[in-house]
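Trainee: Please read through the structure below; I'll follow up with questions.
The values are calculated or read from the model by the stated rules, or taken from the named source; none is laboratory data. Note that the structure is predicted; figures quoted are calculated from it, not measured. Heads up, the Cβs are rebuilt from the backbone with ideal geometry, glycines too, and the neighbour counts pull from every protein chain shown. The protein model used for the area step is the full one, side chains on, heavy atoms only, and it has no ligands, DNA or RNA in it. Shrake-Rupley method; radii C 1.70, N 1.55, O 1.52, S 1.80 Å.
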Amino acid sequence: MTQRYDGPVIDPHHHLWDLGLQRHPWLQKAQTSGEETAFGSLAPILRNYGIDDYRADAARQNIVATVHVEAGWSVAHPLEESRWLGGLDRSSGVARRYVARVPLDGPDAARLLEAEAENPNVVGIRDILSWHPDVAKRFAPRPDRMGDPAWRAGLAHATRLGLVFDLMLYPWQMAEALDLVQAFPDTLFVLNHGGSPADRTKDGMALWHRGLRAFGGKPNLRLKISDLVAYDNDWTLESLRPVIEHCLDCFGPARSMFASDFPVAGLHASFDEVYQVFRTVAAELSLDEQRALFFATANDTYRLGLDDPAGIGRGRHV
């Protein structure tokens, strides 16, 4: 075992929201209906979650900067989420950069992408592709968007604007997504949540293993190892370890990054529990490899512009 990394950490995937704004339909629906979702009951997170809430959850993990990923803000109110984030006190490093939401097949996609790209804090776009025949597990409006010429035209425009694309899907969509990643070699894709190993059956995990292995061979794709507890609600260190190890075997530390996905991951684990698993599994690696997972890959991918932790010590806590 090598020395455990204790330098500054970037969290490249979390969410903030103010439910009083009534801009998050998925949370508003859960408030009124109480229906189960892909994550189970959302009751514990049906509350405002701001910068101070995040800082309290993350207080013991030496996080110096974060990337805010779109939190399902209503598409009826485009551009508002980025503007709302810009009005928060982000001096602690929380929400230093944003991944914004733009439906790439929407009639106004080009204009919205250009408007988001003008914001120096917006470094990426996420338009969730995860589709499931079970409505409760469905995030995307239809299953065939990746092959739609209009959707691909939106992605091409985002790429021309220099925006990263956060790729969220289920393993049974990986073959289709592999074609997408190959068709857009100039796009930097970031696969969310370790490829979402949601089907824990033997066949389901085998499909995920094969798909992730194929993805790992594509140089324009990076991986976020995040919210694995959403797919393994009865998780233990030993149940999560092989999943993380397969992620690292496929992508390597230089193309992988650990992320919290808070507060959503908080439905199944505390912030400290999530990072304790990351730190324990990563402790088998060299310090340089650990630095990549906790800091360097995210810093490069999302253009955070922070000094390398090898030279700045522990940095500033958020």
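Trainee: Using the heavy atoms of the protein chains and a 1.4 angstrom probe, tell me the accessible area per residue for the chain in square angstrom. The partial results should precede the final answer.
Mentor: Details: 12860 Å² over 318 residues.
Computed with neighbouring chains in place, this is 40 Å² per residue.
Trainee: Can you list the lysines whose alpha carbon sits under 25 Å from that of residue 202, skipping same-chain ones fewer than 8 residues off?
Mentor: Leaving aside lysines fewer than 8 places away in the same chain, those within reach of residue 202 are 137, 224.
Trainee: Jot down the radius of gyration and Dmax of the chain, Cα atoms only, both in angstrom.
Mentor: Every Cα atom of the chain included, Rg and Dmax give 18.2, 54 Å.
Trainee: Here's a follow-up. Mind pulling up the Rg/Rh value for the range 111-216? Radius of gyration and Kirkwood radius, both on Cα.
Mentor: On the way: Rg = 14.4 Å, Rh = 14.6 Å.
A ratio of 0.99.
Trainee: Once you put a point 7 Å from the Cα of residue 56 and another 7 Å from the Cα of residue 32, both along the Cβ direction, what distance in nm separates them?
Mentor: Output for this residue pair reads 2.9 nm.
Trainee: How much of the accessible area of the chain, probe 1.4 Å, is carbon plus sulfur, in whole percent?
Mentor: On the way: 6600 of 12860 Å².
Carbon-and-sulfur percentage of accessible area, whole number: 51.
Trainee: Based on DSSP H runs of at least 4 residues, each adding -39500 (n - 2.57), what is the mean residue ellipticity at 222 nm of the chain after dividing by all its residues, to the nearest 500 deg cm²/dmol?
Mentor: Values: 12 runs with 111 residues, N = 318.
Here the helix-only value at 222 nm equals -10000 deg cm²/dmol.
Trainee: Do any GluC sites (Glu not before Pro) in the range 74-129 lie in a loop, going by DSSP, with at most 14 other beta-carbon atoms within 10 Å of their beta carbon, and if so which?
Mentor: Working: sites: 80, 81, 114, 116, 118; in loops: 118.
Hits after loop and neighbour filter: 118.
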